[in-house]
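Undergrad: Structure in structure tokens, see below.
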Amino acid sequence: MSAPASSPAYARPTRVRRPTRAALAGASPFDPGETPLARTRRARRMARELAVIHPDAHCELDFTNAFELLVATVLSAQTTDKMVNKVTPTLFARYPDAVALAGADRTDLETILKPTGFFRAKANSVLGLSQALVERFDGEVPARMADLVTLPGVGRKTANVVLGNAFGVPGLTVDTHFGRLVRRFGWTADDDPVKVEAQIAELVPKKEWTDFSHRVIFHGRRVCHAKKAACGACGLAQWCPSFGIGPVDPEVALKLVKTPTASDTE
């Protein structure tokens, strides 16, 4: 189902534009000749537009506390937020905190997690991180990056999700959507998530990192898809060097846009 044409998220561009040279040539959209100042100004203009396009952007994992968010984020690897949200009510009803989950029966835990895929590895991760929380942090989720990344199955991406959404500590969530989009935007040419995080941190004000991450991820899920971007229905088109990698005709592109309630995280 397509989003309504009256939605501000999909109202621009209003006429067909020509694809960019980079898009036509299949070249990297990153322009090494763009000055750092010009890139920063363009990035911040696009970031402001993303706030208009996706004013409702938020974490799509259901949680009531930092522990639930931490576990849910670990479980979200290689599956959808929608699937995780179906599984976690049962999981947390049975194992509501780190102490309970650390002592979970493995067979029971794997049965609960099976719908999320890679359930044995995920069971190992949530058991390990729960045990580490009990042994080293009195069962509480730490509010520091340096501590979070020492937990089994927790990297910078997961840590930033928890810090930003459970503790209000600004963080950039460099998942597959985020990385794909900032490369398409020509803000970076790197694939390494740590390098990407550091580079984007220089372009976007720190206080906006968490909300900005949500907006980019929303845009990646709804408009700028991996296989076929809805370029002709994208409000960022005039600043995007990748314009033209997907259909540029607004009517054609609009059919590719997913509704705001769709959840198809990779």
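The values are calculated or read from the model by the stated rules, or taken from the named source; none is laboratory data. The structure displayed is predicted, hence computed values, not measured ones. Cβ: placed from backbone, ideal geometry, glycine included. Neighbour counts: every protein chain shown.
Undergrad: Does Ala262 qualify as being within 17 Å of the chain's Cα centre (by Cα), closer than 30 Å to Val154 by Cα and at pLDDT below 95?
TA: yes
Undergrad: Still on this structure, please answer the following. Of the residues Pro152, Pro193, Pro170, which single one is on the phi < 0 side of the Ramachandran plot, surrounded by fewer than 20 Cβ atoms within 10 Å (Cβ to Cβ) and modelled with pLDDT under 95?
TA: Within the list Pro152, Pro193, Pro170, the selection yields Pro152.
Undergrad: So Asp175 clears everything in (1) more than 24 Å from Phe67 (Cβ to Cβ); (2) within 15 Å of the chain's Cα centre (by Cα); (3) among the acidic types (Asp, Glu) except one condition, right? Which one?
TA: With respect to (1) more than 24 Å from Phe67 (Cβ to Cβ); (2) within 15 Å of the chain's Cα centre (by Cα); (3) among the acidic types (Asp, Glu), Asp175 is out only on (1).
Undergrad: All but one of (1) part of a loop (DSSP other than H, G, I, E, B); (2) outside the structural domain of Asp249 (by TED's automatic domain parsing); (3) in contact with a helix residue (DSSP H, G or I) (Cβ under 6 Å, 6 or more places away or on another chain) hold for Ala159; which doesn't?
TA: Of (1) part of a loop (DSSP other than H, G, I, E, B); (2) outside the structural domain of Asp249 (by TED's automatic domain parsing); (3) in contact with a helix residue (DSSP H, G or I) (Cβ under 6 Å, 6 or more places away or on another chain), only one is false for Ala159: (1).
Undergrad: Further question on the same structure: Among the candidates Asp31, Asp97, Asp105, which residue alone is free of Cβ contacts under 8 Å to residues at least 12 places away in the same chain and among the charged types (D, E, K, R)?
TA: None of the others qualify; the one that does is Asp105.
Undergrad: Something else: For Glu135, indicate whether it is at pLDDT 95 or above and assigned by TED's automatic domain parsing to the domain that holds Leu203.
TA: Numbers: at pLDDT 95 or above: yes; assigned by TED's automatic domain parsing to the domain that holds Leu203: no.
For Glu135, the condition - at pLDDT 95 or above and assigned by TED's automatic domain parsing to the domain that holds Leu203 - is not met.
Undergrad: Quick check on the stretch 9-27: of everything there that is surrounded by 14 or more Cβ atoms within 10 Å (Cβ to Cβ) and modelled with pLDDT of 80 or more, which residue is farthest from Ala253 (Cα to Cα)?
TA: It comes out as Ala22.
Undergrad: Going by the structure shown, is Thr79 modelled with pLDDT under 95 and either crowded, with 17+ Cβ neighbours inside 10 Å or within 30 Å of Val196 (Cβ to Cβ) (or both)? Explain how you work it out, then say what you get.
TA: On the way: modelled with pLDDT under 95: yes; either crowded, with 17+ Cβ neighbours inside 10 Å or within 30 Å of Val196 (Cβ to Cβ) (or both): yes.
Here the answer is yes, as Thr79 does meet what is asked.
Rundown of residues vs (1) in a loop (DSSP other than H, G, I, E, B); (2) under 20 Å from the mean Cα position of the chain (by Cα); (3) surrounded by fewer than 22 Cβ atoms within 10 Å (Cβ to Cβ); (4) not charged (D, E, K, R), yes/no style:
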site	(1), (2), (3), (4)
Leu203	yes, yes, yes, yes
Glu208	no, yes, yes, no
Ser213	no, yes, no, yes
Pro241	yes, no, yes, yes
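Undergrad: Here's a follow-up. What are the residues in the stretch 67-105 that are within 25 Å of Arg156 (Cβ to Cβ) and of a type in the set (S, T, N, Q), if any?
TA: Those that are within 25 Å of Arg156 (Cβ to Cβ) and of a type in the set (S, T, N, Q): Thr73, Ser76, Gln78, Thr79, Thr80, Asn85, Thr88.
Undergrad: If you take the residues in the stretch 215-239 that are over 15 Å from the mean Cα position of the chain (by Cα) and assigned to a loop (DSSP other than H, G, I, E, B), which one is farthest from Arg180 (Cα to Cα)?
TA: Checking each candidate, the answer is Gly235.
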